[in-house]
Each structure stands twice: as C-alpha cells, then as structure tokens.
Amino acid sequence: MLVSLLDRSRTRVDRSSAAAVADTVERARWAEAAGYHRFRVAEHHAVPGIASGTPAVLLAAIGAATTAIGLGTAGVMLPNHTPLLVAENALILEALFPGRLDLGIGRSLGFTPPIRRALRAESADGFAADLSDLLGFLHGTGSVTAQPAADRPIPVSVLATGSGLEVAARLGLPVIVGGPALADPDRIRTYRRAFVPTETTPRPRVTVSADILVADSDADARVLALSEAVALAESRRTGDFPPLRPVTEMPELGPRALEVAERTLAGAVFGSRETVRRELERLVERTDADEILSSASTYDRAALRASDEALVSVLA
C-alpha cells in the first residue's frame, strides 16, 4: 500500500506564518527519509491559520530540499486560474524535478465571498471544460504549445468534491477521495463503473485521504487529534481558522462547537499502531484504495514526526 502526506502549512500559536512554510519543507525532508511515496501541498487563499497559497512555489522549494520523493498538489483549484497558467507551472516543476510530479486538481472556490472576488473566481461551472483544456496543454495537444514541453505525461488526479468523481470517470483520471465522499462508498463504486480507460490511466485509481495520527496509545493519539478538531470547531464559530494550540491552551467549547469537534474526530483515524492498522484495513477494504494520503496536523511537531514515521511502519 502506497502512503503519502498532505501538508497544509498550518500555523502554530508560537510560530510565525513564515515559520509554517519552513516547517512544511522540513516535514517533506523527514517524510522522504521515512519512505513516503509522495508529499502533497494544498492551495488556500487568505485563510488565517494556513500559510500556503501557491502550491507551485512551495513545491519548488520542497523539490530542491529533497532528492526522490514524489511531489504533488491536493490540490490546485482550477477555477482560480487559467488552465494554461496551471499547465506552465506544472511543466516548470516537471522540468526541474523530472518524473516526480503529480498534479491534483480541485474545483473549490475561495473560502469567503471577499476572497472569491479577490481571486476573480465566482463560479466552478466550467470545471470540466477547463480540466480538458489543462490536459491538452500538459500533453501538447492544446490550442497553444505550453512550455517547457514534458518528456512524459504528467499525472493528473481529481479531488472528489462536487461533481469531481463524475468528471474524473469521464476523462479517465485518478481521484483523491476524502471527507463526505469517503463516507459514501457507493460514489466510489459509481466512479469505478463509469471510468473510461485512457492510455495513461488504463484502470480507475483511488487515493483515500484522511487525518491519520499514530501515538503510543489511543488516548495519546486523541490528544494529538484535538488540535485540529478544536481549531475547526472555532472556525465555525468565529469565521477564522485559528493557529494550532497545545492542549493546555485550548478554549472551552460550547455545545455546538463541541459537536463539530467530535464529528471531526469521528472522521479521523487515530490511535496506537494496532488501532490505526485495524482502521486503515477497514478503510481500504471499503474503498479498494490504491493509496493512503494522510492529511493530519497537530500542534506538537515532534509528535507529528513520530506519528508520520510510525504510519509508514504500520502500512509496511
């Protein structure tokens, strides 16, 4: 089972946003040493608590700091960009780090109306057409020739949000599935049945994404998972996504926020090695996944590193 990491450059209360970006690069180094298949980064614009808004720039730094680990996005949000620009960024990365790139593409708009206006991205209705244009530019069959031309077809995966699964099946692309889509295995089965094989992807391919944390005990792992769960609960109340805090500094949650936190924990995979192995076996059996993508974060970076290293051994 292939296992990869997704890092969102989460900020922490005692570190700057710039430090969060440096932390992401450092995490990529230890992920490579631990034996991870790929390291992915995401696109979030003007979201307090998340420092990464430009995946292509961040991947350039990560590629330069590592030697072999796969580089990926999860994802680049296509409604925010022209397909040609996304293709050119990907082709530059492929030229710099040959054979290492996988481009994960999403259709989500900005976090709030002001962000969407700032991005000049008000609709995702043209996602399927834009994705087709992007594939043309990447493969050298577009209306213009994007440069620099790649020596291989750059793999493209689709984040399974909204109509993402349907579009991916029709275009013969792999999918990255998490959140609500992961909770409904019928949607994944429908994707597999509707999949149209292509030369680059002859069969459907599914990566499942979940917050995964491993510790010495289930109780210790739950403490690690609380950092993100509480931050998400706070964001629903205040509209801001706060930096990660240690457990000793977490705010007291009201009933509604507590419900959000508990729901977030219920969707995560955390525990001892034995517990996580058992939960992931069930997840793979339910989804027939080809790859696991851990999207977890926590305040304690030493504990996060230990968790990342333990996860590789769990899936070995």
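For the stretch 255-270, name all the residues that are among the hydrophobic types (A, V, I, L, M, F, W, C) and either assigned to a helix (DSSP H, G or I) or surrounded by fewer than 16 Cβ atoms within 10 Å (Cβ to Cβ) (or both).
Ala257, Leu258, Val260, Ala261, Leu265, Ala266
Could you please find all residues in the stretch 7-42 being touching a Pro at 6+ places or on another chain (Cβ under 7 Å), farther than 17 Å from Ala303 by Cβ and either open to solvent by 30 Å² or more (accessible area, probe 1.4 Å) or not in a loop (DSSP other than H, G, I, E, B) (or both)?
Correct list: Val41 only.
Please work out which one of (1) under 19 Å from Glu281 (Cα atoms); (2) surrounded by fewer than 17 Cβ atoms within 10 Å (Cβ to Cβ) is the condition Arg236 fails and give its number.
Condition not satisfied by Arg236: (1).
Hey, among the residues in the stretch 290-313 that are open to solvent by less than 10 Å² (accessible area, probe 1.4 Å) and of a type in the set (A, V, I, L, M), which one's farthest from Thr248 (Cα to Cα)?
Ile292
Quick check: anything in the stretch 220-233 touching a helix residue (DSSP H, G or I) at 6+ places or on another chain (Cβ under 8 Å), open to solvent by 30 Å² or more (accessible area, probe 1.4 Å) and in a loop (DSSP other than H, G, I, E, B)?
Scanning the stretch 220-233 turns up no residue that is touching a helix residue (DSSP H, G or I) at 6+ places or on another chain (Cβ under 8 Å), open to solvent by 30 Å² or more (accessible area, probe 1.4 Å) and in a loop (DSSP other than H, G, I, E, B).
Among the numbered criteria (1) within 20 Å of Pro148 (Cα to Cα); (2) open to solvent by 30 Å² or more (accessible area, probe 1.4 Å), which single criterion is violated by Val86?
That leaves (2) as the condition not met.
Out of contact with any Asp or Glu (no Cβ under 9 Å at 6 or more places or on another chain) and assigned to a loop (DSSP other than H, G, I, E, B), is that true of Glu252?
Yes.
Answer yes or no: is there a residue in the stretch 122-136 that is of a type in the set (Phe, Trp, Tyr), open to solvent by less than 60 Å² (accessible area, probe 1.4 Å), in a helix (DSSP H, G or I) and touching a Lys or Arg at 6+ places or on another chain (Cβ under 8 Å).
yes
If I filter the stretch 62-77 for residues that are modelled with pLDDT of 95 or more and touching a Pro at 6+ places or on another chain (Cβ under 8 Å), do I get at least one hit?
For the stretch 62-77, residues modelled with pLDDT of 95 or more and touching a Pro at 6+ places or on another chain (Cβ under 8 Å): present.
Considering only residues of the stretch 1-30 that are in contact with a helix residue (DSSP H, G or I) (Cβ under 6 Å, 6 or more places away or on another chain) and among the aliphatic types (A, V, I, L, M), which is farthest from Ala65 (Cα to Cα)?
Across the stretch 1-30, the extreme among qualifying residues is Met1.
Matching residues to (1) of a type in the set (A, V, I, L, M, F, W, C); (2) in contact (Cβ under 8 Å) with a residue 40 or more places away in the chain:
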position: Trp30; (1), (2): yes, yes
position: Tyr36; (1), (2): no, yes
position: Phe39; (1), (2): yes, no
position: His44; (1), (2): no, yes
position: Thr67; (1), (2): no, no
position: Ala90; (1), (2): yes, yes
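Okay, residues lined up against (1) surrounded by fewer than 20 Cβ atoms within 10 Å (Cβ to Cβ); (2) of a type outside the set (A, V, I, L, M, F, W, C); (3) free of Cβ contacts under 8 Å to residues at least 60 places away in the same chain; (4) in a strand (DSSP E or B):
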{"site": "Ser157", "(1), (2), (3), (4)": "no, yes, no, yes"}
{"site": "Gly162", "(1), (2), (3), (4)": "yes, yes, yes, no"}
{"site": "Glu166", "(1), (2), (3), (4)": "yes, yes, yes, no"}
{"site": "Leu173", "(1), (2), (3), (4)": "no, no, yes, no"}
{"site": "Ile188", "(1), (2), (3), (4)": "no, no, no, no"}
{"site": "Tyr191", "(1), (2), (3), (4)": "no, yes, yes, no"}
{"site": "Val196", "(1), (2), (3), (4)": "yes, no, yes, no"}
{"site": "Val208", "(1), (2), (3), (4)": "no, no, no, yes"}
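In the stretch 1-58, how many are over 25 Å from Asn89 (Cα atoms), touching a strand residue (DSSP E or B) at 6+ places or on another chain (Cβ under 6 Å) and of a type in the set (Lys, Arg)?
Matching residues across the stretch 1-58 total 1.
A quick yes/no check of all residues on (1) closer than 30 Å to Val47 by Cβ; (2) open to solvent by 70 Å² or more (accessible area, probe 1.4 Å); (3) assigned to a loop (DSSP other than H, G, I, E, B):
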site	(1), (2), (3)
Phe111	yes, yes, yes
Pro114	yes, yes, no
Leu138	yes, no, no
Thr141	no, yes, yes
Ala150	no, no, yes
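Would you mind finding the one in Arg245, Arg205, Arg256, Arg222 that is out of contact with any Lys or Arg (no Cβ under 6 Å at 6 or more places or on another chain) and under 23 Å from Leu159 (Cβ atoms)?
Residue meeting the stated conditions: Arg205.
The values are calculated or read from the model by the stated rules, or taken from the named source; none is laboratory data. Since we're looking at a predicted model, the values are computed, not measured. Note: ideal-geometry Cβ built from the backbone for every residue, glycine included; neighbour counts use all protein chains shown. Heavy atoms of the whole protein, side chains included, go into the accessibility calculation; ligands, DNA and RNA do not. Shrake-Rupley method; radii C 1.70, N 1.55, O 1.52, S 1.80 Å.
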